[in-house]
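S.K.: Structure provided below as structure tokens; questions to follow.
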Amino acid sequence: MGGNDLSSDQVIKKLIEMGFENSDAIEAVESVGPSVDDAVEYVLKGCRRNNLGASISSQCSSRDGKSLGKRATSLLQSMGRMRQTSIWDHFQSASTPKRIRGNDVSDAVVSRSQVLPSPEEEHKEPFPFMNNQLETVPESLQVCCSEELDIGLNWELKANSLLRKHFGFSSLKGFQKEALAAWLAHQDCLVLAATGSGKSLCFQIPALLTGKVVVVVSPLISLMHDQCLKLSKFGVSACFLGSGQLDSSVEQKAMRGMYNIIYVCPETILRLIKPLQRLAESRGITLFAIDEVHCISVWSHDFRPDYGRLSVLRENFSARNLIFLKYDIPIMALTATATVRVRQDILDSLCMSKETKIVVTSFFRPNLRFSVKHSRTLESSYGTDFCQLIDVYARKKKIGETKQTLISQEIHGQSDSDHSSACVFNDIEDSDIDKSDDENSTKENGPISSREKQMSVEYLENEIDVFESVEDWDVAYGEFCGQAYSEERDSHGSFETIEPPNKPEERLRLLQEPLEQGPTIIYVPTRKETLSIVKYLCKFGVKAAAYNAKLPKSHLRRVHQEFHENSLEVVVATMAFGMGIDKLNVRRIIHYGWPQSLEAYYQEAGRAGRDGKLADCILYANLSRVPTLLPSKRSQDQAKWAYKMLSDFFRYGMNTSSCRAKTLVEYFGEDFGDEKCLLCDICVDGPPKMQDLKEEANILMQIIAARYNESSFMDGSYDDSLCNDIQQQNFLAKPNLRTFVDKIREQSQKFIATDLLWWRGLARIMEVKGYIRDGDDKIHVQIKFPEPTKKGLEFLQSERDKAFHVYPEADMLLSMRRPRAYSTFSDWGKGWANPEIRCQRLRKILSSNRKARKPRIRKSKKHLPDFSTSRENSMKS
Ligand SMILES: Nc1ncnc2c1ncn2[C@@H]1O[C@H](COP(=O)(O)OP(=O)(O)OP(=O)(O)O)[C@@H](O)[C@H]1O
Ligand SMILES: [Mg+2]
């Protein structure tokens, strides 16, 4: 990213692409000239300076950038350069061999420089092992080779002893044993286990038990880096191969058997088949592991075409094709997020054997507390949504900084001591409900709102991070991880993890305790939001940093390092941050905006609470809007499936009656029975009061049925001519839900004030009950063109007098909170002719604008295990 050969306009364009505000970009270029790096540094430092305290932050906020002038800018630049930004800086400092663990591993001394040489070494003389063959295997490897014992029956004892020696854990988990037993029996194995459960050990232990090589296919360079560095700390030699590998000699060394574990990206392994066959013959390959294997399936949320070609492994490493092999080299495939459909796809795509052992553990994470809150997720909502977070981190700091205190009071408004999570339904105000709910629905027929325009495909294509190839997210931050993990160990050198609260009473006890300290990750859909939220949080003294794929790599590395070192409190990121991130003490994962699938959501949420302690997973989403699919290259079939996944997620957000953890794990095919997590907002607050919607369900069904010429089912009390109208329209266009709702309003005075948002919820309920279905070939996130099913017609015929008790869904509750007489676009338009109505509306708009400008904090209930219908009660009040 040089900069001198770019014009100012080009630099500004690049900055905007990264997500920076137009004004910040212009200001930065004006201040530091047309250099992308300097300009980025300038804007980011603006945020960081805010963290340093009141006096600095007031001088250095980006708004005041001009007054800083060149001198201040260069000072800030030099501050930035105090940190190492190059991979080589680190290797130079890390070249002295390090003792990895306690006395029991006195032999296991690994120098990082044995894994990668510095550029000086590379240019001056060949790497010590370059010209040698296997006789000169590094010391660390000799340790491993000496462990090549006959594994025998007591393999479990040996595995446990290696586990203690290298990783400091006392014993293997049950699923790890099962996976290892399959490998020992030369069987292929598919491991489906929750995020953070310890899948990596399933493929790392075989390398230690046999002294042979394990080849691991992994989708991200940053993930490979992370694992290699951890292994080197544990006295296991490992390397990664792929586009992010800067040292070309590593590949040669790997193919000569210098490393116990070789991480490789799918693109690269296809090129290395022959050398790997030679390695299998010389040193021996004991296992191929395919990590994050859901990437192989087009039906997964992270499809990676190169994973699809991995079937070559089965053929090229079978005993049939390689005479020196007695058995096929087993394949172990691992993932935390695979639906039943994706599992089958994995088995087929990898040509795994018929005897493949499938090891499934519960996907349930008993220490994660899930909740959903309504928010428009716009800048004007930050004040309400992040006040609690700001409070958490600001409380930790010394209150010597006057400005910070003032800001804190300002945001907290009427200063409330109880900032525990505000329940989505408890404190909804008029301004919280999206004024354009109905516009959203009209867009399928006619005009789209300006917000919709803003979120159009062209706009988003430039705004979101799409998971396409390994290089996109080549962060190569591994060189910074030298001391990162030590911080998470206690005084005895072991990890501070606890057994997760598996028993219900343990989980109830958890609820009484506050969250421990630890960092937060906020996931947002667009790059722009990463920066705007960081800017907002930094203003209040929170140590926050943005992370998106377009930001300079030096910045991204620093974010990784500081996140692992616990010096960052909040990372605001796009999906580019963190597949497989294994940091123990992440206390909160906040999703700010609709995620695209339950798979992606559960994987990202799974980064919280890996230490077994209570952690929050909060989704803020605009529950009055149907989410849209973010643009990506998809075939027609994939697009259909993507809509289906988004629809499943939408229903998760709309659900008000069943335990969130249950919904999540059952999505992955697990039977949760009658169990509940007892921690999520629904378990704690209880579902809303059931309502008998017999009349509403009947009228909706009648109107829909009439459209399909089922007038025999019509109730005489309703106007038949209206139904005839609909039948005539039939031949012109397929009526959507909105058309039906308009008809209901025209027909029944009683429902004039019931808006589309409410009917949308009812239509979903009727769809789930099997009374209506979508009459369109396309898959919609929300049922769009309802038509009756046979069951629906039977309902009209025989069940119309029966009670129809249902739990109102989230959108229905939102709608009931603010009944509106004029809810359709056209009604709104009509109303303007009446001066009285016009006056009322203008007053309302003015007052809601005023409210939106003032951040405020609201009183909220504590999360107590109270199974009352508190949500419903608060709605009424
Ligand atoms: N037998 C064990 N006993 C105690 N802790 C373990 C054991 N096995 C693994 N762990 C720990 O569990 C944590 C998570 O491990 P790992 O990164 O392998 O998870 P994962 O299942 O691959 O998660 P993800 O799906 O997010 O990639 C690590 O910190 C690891 O050290
Ligand atoms: Mg993993």
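S.K.: Return the residues of the stretch 166-194 that are surrounded by fewer than 24 Cβ atoms within 10 Å (Cβ to Cβ) and either under 27 Å from the mean Cα position of the chain (by Cα) or within 21 Å of Val264 (Cα to Cα) (or both); say none if nothing qualifies.
M.R.: Lys173, Phe175, Ala193, Ala194
S.K.: Okay, moving on. With respect to Ala600, determine if the residue is surrounded by fewer than 24 Cβ atoms within 10 Å (Cβ to Cβ), within 15 Å of ligand 1 (Cβ to nearest atom) and within 29 Å of Val781 (Cβ to Cβ). Let's see the steps before the verdict.
M.R.: Working: surrounded by fewer than 24 Cβ atoms within 10 Å (Cβ to Cβ): yes; within 15 Å of ligand 1 (Cβ to nearest atom): yes; within 29 Å of Val781 (Cβ to Cβ): yes.
When the stated conditions are applied, Ala600 passes them.
S.K.: Next question, about the same structure. Scan the stretch 277-291 and give yes if some residue there is under 30 Å from Val586 (Cβ atoms), assigned by the TED database to the domain that holds Phe317, in contact with a helix residue (DSSP H, G or I) (Cβ under 6 Å, 6 or more places away or on another chain) and away from ligand 2 (no atom under 16 Å from the Cβ), otherwise no.
M.R.: No: zero hits.
S.K.: Do you know which of the residues in the stretch 297-339 that are hydrophobic (A, V, I, L, M, F, W, C), in a helix (DSSP H, G or I) and out of contact with any Pro (no Cβ under 8 Å at 6 or more places or on another chain) is nearest to ligand 1 (Cβ to nearest atom)? First the steps, then the outcome.
M.R.: Going residue by residue through the stretch 297-339, those that are hydrophobic (A, V, I, L, M, F, W, C) are 298-299, 303, 310, 312-313, 317, 319, 322-325, 329, 331-334, 336, 338.
Restricting the remaining residues to those that are in a helix (DSSP H, G or I) gives 310, 312-313.
Going one step further and asking which of them are out of contact with any Pro (no Cβ under 8 Å at 6 or more places or on another chain), we end up with 312-313.
Values: Val312: 24, Leu313: 20 Å.
My answer is Leu313.
S.K.: Moving on. Residues of the stretch 544-583 being of a type in the set (Gly, Ala, Ser) and either closer than 20 Å to Ile390 by Cβ or part of a strand (DSSP E or B) (or both), which ones? Break it down into steps so the answer makes sense when it comes.
M.R.: Narrowing the stretch 544-583 to residues of a type in the set (Gly, Ala, Ser): 544-546, 549, 554, 567, 573, 576, 578, 580.
Listed by number, the residues that qualify are Ala544, Ala545, Ala546, Ser567, Ala573.
Residues checked against (1) out of contact with any Phe, Trp or Tyr (no Cβ under 6 Å at 6 or more places or on another chain); (2) at pLDDT 95 or above:
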| site | (1), (2) |
| --- | --- |
| Cys677 | yes, yes |
| Val684 | yes, yes |
| Lys694 | no, no |
| Asn698 | yes, no |
| Met701 | yes, no |
| Ala705 | no, no |
| Tyr708 | yes, no |
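S.K.: Still on this model: Can you say whether Ala573 is touching a strand residue (DSSP E or B) at 6+ places or on another chain (Cβ under 9 Å) and away from ligand 1 (no atom under 16 Å from the Cβ), as far as the supplied structure shows?
M.R.: Details: touching a strand residue (DSSP E or B) at 6+ places or on another chain (Cβ under 9 Å): yes; away from ligand 1 (no atom under 16 Å from the Cβ): no.
Against the criterion (touching a strand residue (DSSP E or B) at 6+ places or on another chain (Cβ under 9 Å) and away from ligand 1 (no atom under 16 Å from the Cβ)), Ala573 does not qualify.
S.K.: Would you confirm whether any residue within the stretch 238-252 is crowded, with 19+ Cβ neighbours inside 10 Å, assigned to a helix (DSSP H, G or I) and away from ligand 2 (no atom under 16 Å from the Cβ)?
M.R.: Scanning the stretch 238-252, I find at least one residue that is crowded, with 19+ Cβ neighbours inside 10 Å, assigned to a helix (DSSP H, G or I) and away from ligand 2 (no atom under 16 Å from the Cβ), so the answer is yes.
S.K.: Look through Glu178, Glu120 and report the one residue that is at pLDDT below 90 and away from ligand 2 (no atom under 16 Å from the Cβ). Give the steps one after another, and end with the answer.
M.R.: Values: Glu178 fails: at pLDDT below 90.
Result of the check over Glu178, Glu120: Glu120.
S.K.: I'd like to verify a number: residues in the stretch 273-296 that are within 16 Å of ligand 1 (Cβ to nearest atom) and part of a helix (DSSP H, G or I), how many?
M.R.: Just the residues of the stretch 273-296 that are within 16 Å of ligand 1 (Cβ to nearest atom), to begin with: 287, 289-296.
From what's left, part of a helix (DSSP H, G or I): 293-296.
So the count comes out to 4.
S.K.: For the stretch 596-622, which residues satisfy the criterion of being away from ligand 2 (no atom under 16 Å from the Cβ) and assigned to a helix (DSSP H, G or I)?
M.R.: Within the stretch 596-622, Leu598, Tyr601 qualify.
S.K.: Please enumerate the residues belonging to the stretch 340-355 that are surrounded by fewer than 19 Cβ atoms within 10 Å (Cβ to Cβ) and not in a helix (DSSP H, G or I).
M.R.: Within the stretch 340-355, Cys351, Ser353, Lys354, Glu355 qualify.
S.K.: Just a yes or no: is a residue in the stretch 628-639 out of contact with any Lys or Arg (no Cβ under 7 Å at 6 or more places or on another chain), within 16 Å of ligand 1 (Cβ to nearest atom) and of a type in the set (D, E, K, R)?
M.R.: Taking the stretch 628-639 first, the residues out of contact with any Lys or Arg (no Cβ under 7 Å at 6 or more places or on another chain) are 628-639.
Imposing the further condition that a residue be within 16 Å of ligand 1 (Cβ to nearest atom) reduces the set to none.
Taking every residue of the stretch 628-639 in turn, none turns out to be out of contact with any Lys or Arg (no Cβ under 7 Å at 6 or more places or on another chain), within 16 Å of ligand 1 (Cβ to nearest atom) and of a type in the set (D, E, K, R).
S.K.: Do we have any residue at all in the stretch 213-221 that's modelled with pLDDT under 95, within 15 Å of ligand 1 (Cβ to nearest atom) and either in contact with a Lys or Arg (Cβ under 7 Å, 6 or more places away or on another chain) or within 17 Å of Met332 (Cβ to Cβ) (or both)?
M.R.: Scanning the stretch 213-221 turns up at least one residue that is modelled with pLDDT under 95, within 15 Å of ligand 1 (Cβ to nearest atom) and either in contact with a Lys or Arg (Cβ under 7 Å, 6 or more places away or on another chain) or within 17 Å of Met332 (Cβ to Cβ) (or both).
S.K.: Read through the list (1) within 15 Å of the chain's Cα centre (by Cα); (2) away from ligand 1 (no atom under 16 Å from the Cβ); (3) within 30 Å of Ser815 (Cβ to Cβ); (4) buried (at least 22 other Cβ atoms within 10 Å of the Cβ), then give the number of the only condition that Ile589 fails.
M.R.: Result: Ile589 fails condition (2) only.
S.K.: Take the residues in the stretch 200-226 that are in a loop (DSSP other than H, G, I, E, B) and farther than 17 Å from Glu604 by Cβ, then tell me which one is nearest to ligand 2 (Cβ to nearest atom). Outline the logic, then answer.
M.R.: Within the stretch 200-226, the subset in a loop (DSSP other than H, G, I, E, B) is 211-212, 218-220.
If we keep only those that are farther than 17 Å from Glu604 by Cβ as well, we get 211-212, 218.
Numbers: Gly211: 23, Lys212: 22, Ser218: 9 Å.
Ranking the candidates gives Ser218 first.
S.K.: Kindly provide the set of residues from the stretch 598-623 that are in contact with a Leu (Cβ under 7 Å, 6 or more places away or on another chain) and either at pLDDT below 95 or within 18 Å of Leu368 (Cα to Cα) (or both), ordered by number. Lay out the reasoning, then the answer.
M.R.: Residues of the stretch 598-623 that are in contact with a Leu (Cβ under 7 Å, 6 or more places away or on another chain), as a first pass: 598, 602, 605, 608-611, 614-617, 623.
Answer for the stretch 598-623, where residues must be in contact with a Leu (Cβ under 7 Å, 6 or more places away or on another chain) and either at pLDDT below 95 or within 18 Å of Leu368 (Cα to Cα) (or both): Leu598, Tyr602, Ala605, Ala608, Gly609, Arg610, Asp611, Leu614, Ala615, Asp616, Cys617.
S.K.: Considering only residues that are of a type in the set (D, E, K, R) and in contact with a strand residue (DSSP E or B) (Cβ under 7 Å, 6 or more places away or on another chain), look in the stretch 164-206 and name the one that is nearest to ligand 1 (Cβ to nearest atom).
M.R.: Restricting attention to the stretch 164-206, the residues satisfying the condition of being of a type in the set (D, E, K, R) are 164-165, 173, 177-178, 188, 199.
Retained after the next criterion (residues that are in contact with a strand residue (DSSP E or B) (Cβ under 7 Å, 6 or more places away or on another chain)): 178, 188, 199.
Working: Glu178: 13, Asp188: 19, Lys199: 4 Å.
Among them, the one singled out is Lys199.
S.K.: For residues in the stretch 38-53 being within 31 Å of the chain's Cα centre (by Cα) and more than 21 Å from Thr574 (Cβ to Cβ), which is modelled with the lowest pLDDT?
M.R.: Restricting attention to the stretch 38-53, the residues satisfying the condition of being within 31 Å of the chain's Cα centre (by Cα) are 38-52.
Next cut, more than 21 Å from Thr574 (Cβ to Cβ) only: 38, 42, 45, 49-52.
Working: Asp38: 84, Tyr42: 79, Lys45: 69, Arg49: 46, Asn50: 47, Asn51: 44, Leu52: 34.
Selected residue: Leu52.
S.K.: Any residue at all in the stretch 786-800 that's at pLDDT below 90 and assigned to a loop (DSSP other than H, G, I, E, B)?
M.R.: yes
S.K.: Let me ask something additional. Mind checking which residues of the stretch 640-658 are loosely packed, with under 15 Cβ neighbours inside 10 Å and farther than 30 Å from Cys683 by Cβ?
M.R.: Lys640
S.K.: Which one is nearest to Glu696 (Cα to Cα), of the residues in the stretch 745-767 that are aliphatic (A, V, I, L, M) and not in a loop (DSSP other than H, G, I, E, B)?
M.R.: Residues of the stretch 745-767 aliphatic (A, V, I, L, M): 752-753, 756-757, 762-763, 765-766.
If we keep only those that are not in a loop (DSSP other than H, G, I, E, B) as well, we get 756-757, 762-763, 765-766.
Values: Leu756: 13, Leu757: 14, Leu762: 8, Ala763: 10, Ile765: 12, Met766: 11 Å.
Top of the filtered list is Leu762.
The values are calculated or read from the model by the stated rules, or taken from the named source; none is laboratory data. What you see is a predicted model, and the numbers here were worked out from it, not measured in a lab. When we count neighbours, we look across all protein chains shown, and the Cβ atoms used for this are built from the backbone with ideal geometry, even at glycine.
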